[in-house]
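The values are calculated or read from the model by the stated rules, or taken from the named source; none is laboratory data. The structure displayed is predicted, hence computed values, not measured ones. With ideal geometry, Cβ positions are generated from the backbone for all residues, glycine too; neighbour counts draw on all protein chains shown.
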Amino acid sequence: MKAELICVGTELLLGDIINTNAAFVAKNLAALGIDHIFEAVVGDNKERLLSQLEISKQRADIIILSGGLGPTQDDLTKETVAEHLKKQLIYDEATYKHIEEYFNKINRPIVDSSKKQAYIIEGSNVLKNEWGTAPGLICEVENKTYILLPGPPIELEPMFKKYVFPYLKQKSNTVLVSKTLKIMGIGEAKAEQMVKDLVNGQNPTLAPYAKDGEVHFRITAKAEDEDKARKLIEPVYNKLKEIFGINIYAEDEKTLEEVVAELLVKNNLKIAVAESCTGGLVASKLVNYPGISNVLIEGVVTYSNESKKRRLNVSDETLKQHGAVSYQTAIEMAEGVAKTSGADIGISTTGIAGPGGGTPKKPVGLVYLGVYIKGYKTYKELKLMGDRQRIRERSSKELLDFLRRELLTSNNKL
């Protein structure tokens, strides 16, 4: 079974809103084992939408449309699909009653244009909108299924989960299951080379996705049920674990900060963060984790040399001899923030984020990371590319991954 998605709305083409509906529908179609072959975005234009519907009809069994079901004149999806199917729009009293109830609930008077939303395509099944006014519709015509959904994600997503997913599940005899492994410390080209014998598989498939400073490998299997799909995934998953080892920092939806925070909380390791070029990004990532207050003592931004000396006890000699951007300063920052706060662990960043401030010896993108763990000290040098924000973001991620690796090595017992 093949499906296409048509997202309707000029605001999408203008970039006024981000099309999160496309990602949501795609993930759910994948979970159902339905082949999602095309996506299209069409403005609020009847002729262009009719043209797209004719194209989609030739390729897909299921055509899902989002948006254009509102009460205004430029909301044309329902009317255009009816014309495409050569069907009439008929007034549905039950739908209008629901719209009235919705307006009463939010204590607003119903407007005349809202009656437009109470017209449905002849022969369609109505999907009650419990989260807004525009009903969804399912039309089955000539072995094709048309599913019309409202555009706002707060309406589309729950409607899809409650009505559309179960409906499509009955039509599909397979499921698609994916497992993602997230890797840092190895570039995309090298990582793909390391798994070249695995990427040509048909079921399961293995696909690499390059991220900023990391690579994700997604294993996807199709089977009759979830258990069988997971059994297909298991040998490839085990092989990736064997190949990449400690370079795998997380799986599926888990984030790097979650992994690091869990290590700290599980082992009751108190941590403090000293940041210069990252300006608080590292601490803010850790704070994303609920429960981090049990171990995170403080985060400080020591941007000036005076602040580094006064707050972290970085020596004047180190700053004069090696400069603020040096591994010596990074180490003293990490040690200083740990000792002055009473933490077991101190971590630090210092570097040149740009766009100015670089020299031939210390160019923009040079960053040093410091780690102090109960007397053990180490550092890492980064040479990064990109604008100021990218360098800061990448540095914060690299520091968390650096700490993760240090915590997991035998030299630093948890």
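Kindly indicate whether Ser396 is in contact with a strand residue (DSSP E or B) (Cβ under 6 Å, 6 or more places away or on another chain) and either small (Gly, Ala, Ser) or not assigned by TED's automatic domain parsing to the domain that holds Asp212 (or both).
On the way: in contact with a strand residue (DSSP E or B) (Cβ under 6 Å, 6 or more places away or on another chain): no; either small (Gly, Ala, Ser) or not assigned by TED's automatic domain parsing to the domain that holds Asp212 (or both): yes.
Judged against the criteria, Ser396 is not a match.
Please enumerate the residues belonging to segment 372-392 that are surrounded by fewer than 18 Cβ atoms within 10 Å (Cβ to Cβ) and over 21 Å from Leu312 (Cα atoms).
Residues satisfying the conditions are Lys383, Met385, Gly386, Asp387, Arg388, Gln389, Arg390.
Can you find a residue in segment 296-304 that is in contact (Cβ under 8 Å) with a residue 40 or more places away in the chain and closer than 29 Å to Glu332 by Cβ?
yes
What is the number of the single condition among (1) out of contact with any Gly (no Cβ under 8 Å at 6 or more places or on another chain); (2) among the aliphatic types (A, V, I, L, M); (3) over 19 Å from Gln328 (Cα atoms) that Met385 does not meet?
(1)
What is the residue count in segment 206-248 for residues that are in a strand (DSSP E or B) and more than 30 Å from Ser396 (Cβ to Cβ)? Explain how you work it out, then say what you get.
Our first condition is that a residue be in a strand (DSSP E or B); within segment 206-248, this holds for 206-211, 214-223, 248.
Now narrow it down to the ones that are more than 30 Å from Ser396 (Cβ to Cβ): 220-223.
Residues flagged as in a strand (DSSP E or B) and more than 30 Å from Ser396 (Cβ to Cβ) within segment 206-248 amount to 4.
Just to verify a result, which residue in segment 99-123, among those that are within 35 Å of the chain's Cα centre (by Cα) and surrounded by 17 or more Cβ atoms within 10 Å (Cβ to Cβ), is nearest to Gly9 (Cα to Cα)?
Gln117
Of the conditions (1) over 29 Å from the mean Cα position of the chain (by Cα); (2) buried (at least 16 other Cβ atoms within 10 Å of the Cβ); (3) within 26 Å of Glu39 (Cβ to Cβ), Asn143 clears all except one; give me its number.
(2)
Using the structure shown, decide if Tyr163 is farther than 18 Å from Lys241 by Cα and either touching a strand residue (DSSP E or B) at 6+ places or on another chain (Cβ under 8 Å) or in the same structural domain as Glu224 (by TED's automatic domain parsing) (or both).
Working: farther than 18 Å from Lys241 by Cα: yes; either touching a strand residue (DSSP E or B) at 6+ places or on another chain (Cβ under 8 Å) or in the same structural domain as Glu224 (by TED's automatic domain parsing) (or both): yes.
Criteria met by Tyr163.
Name the residues in segment 140-156 that are of a type in the set (A, V, I, L, M, F, W, C) and either under 21 Å from Ala22 (Cβ atoms) or not assigned by TED's automatic domain parsing to the domain that holds Pro71 (or both), would you? Steps first, answer last, please.
Residues of segment 140-156 that are of a type in the set (A, V, I, L, M, F, W, C), as a first pass: 141, 147-149, 154, 156.
Matches in segment 140-156: Ile147, Leu148, Leu149, Ile154, Leu156.
Within segment 180-220, track down each residue that is out of contact with any Ser or Thr (no Cβ under 8 Å at 6 or more places or on another chain) and charged (D, E, K, R).
Lys182, Glu188, Lys190, Glu192, Lys196, Asp197, Lys211, Asp212, Glu214
Find the helices (runs of 4 or more DSSP H) located wholly in segment 300-341 whose residues include 3 or more that are closer than 19 Å to Gly375 by Cβ and small (Gly, Ala, Ser), and list them. Quick ask: steps written out before the conclusion?
Values: elements: 305-312, 316-322, 327-341.
Where helices (runs of 4 or more DSSP H) fall fully within segment 300-341 and carry at least 3 residues being closer than 19 Å to Gly375 by Cβ and small (Gly, Ala, Ser), they are 327-341.
Considering only segment 208-218, I want to know if a residue exists there that is hydroxyl-bearing (Ser, Thr, Tyr) and touching a helix residue (DSSP H, G or I) at 6+ places or on another chain (Cβ under 7 Å).
No, segment 208-218 has no match at all.
Look through Lys2, Lys27 and report the one residue that is under 27 Å from Leu176 (Cα atoms), among the basic types (Lys, Arg) and without any contact (Cβ under 8 Å) to a residue 24 or more places away in the chain.
Lys27
Need pairs with beta-carbon distance below 9 Å; first residue touching a residue at least 12 places away in the same chain (Cβ under 8 Å) and within segment 158-175, second in a helix (DSSP H, G or I) and of a type in the set (Lys, Arg); sequence gap 6+ or separate chains.
Cβ pairs passing all conditions: Val175/Lys169; Val175/Lys228.
Kindly provide the set of residues from segment 34-53 that are over 30 Å from the mean Cα position of the chain (by Cα) and either modelled with pLDDT under 95 or not in a helix (DSSP H, G or I) (or both), ordered by number.
Result: Asn45, single match.
Return the residue satisfying two criteria in turn: it lies in segment 222-252 and is of a type in the set (Asp, Glu) and either over 30 Å from Lys171 (Cβ atoms) or modelled with pLDDT under 95 (or both), and of such residues it is farthest from the chain's Cα centre (by Cα).
Applying the first criterion (of a type in the set (Asp, Glu)) to segment 222-252 yields 224-227, 234, 242, 251-252.
Checking which are either over 30 Å from Lys171 (Cβ atoms) or modelled with pLDDT under 95 (or both) leaves us with 224-226, 242, 251.
Numbers: Glu224: 28, Asp225: 26, Glu226: 23, Glu242: 26, Glu251: 13 Å.
Looking at the filtered set, the residue picked out is Glu224.
Name the residues in segment 364-384 that are aliphatic (A, V, I, L, M) and outside any strand (DSSP E or B), would you?
Within segment 364-384, Val364, Leu384 meet the criteria.
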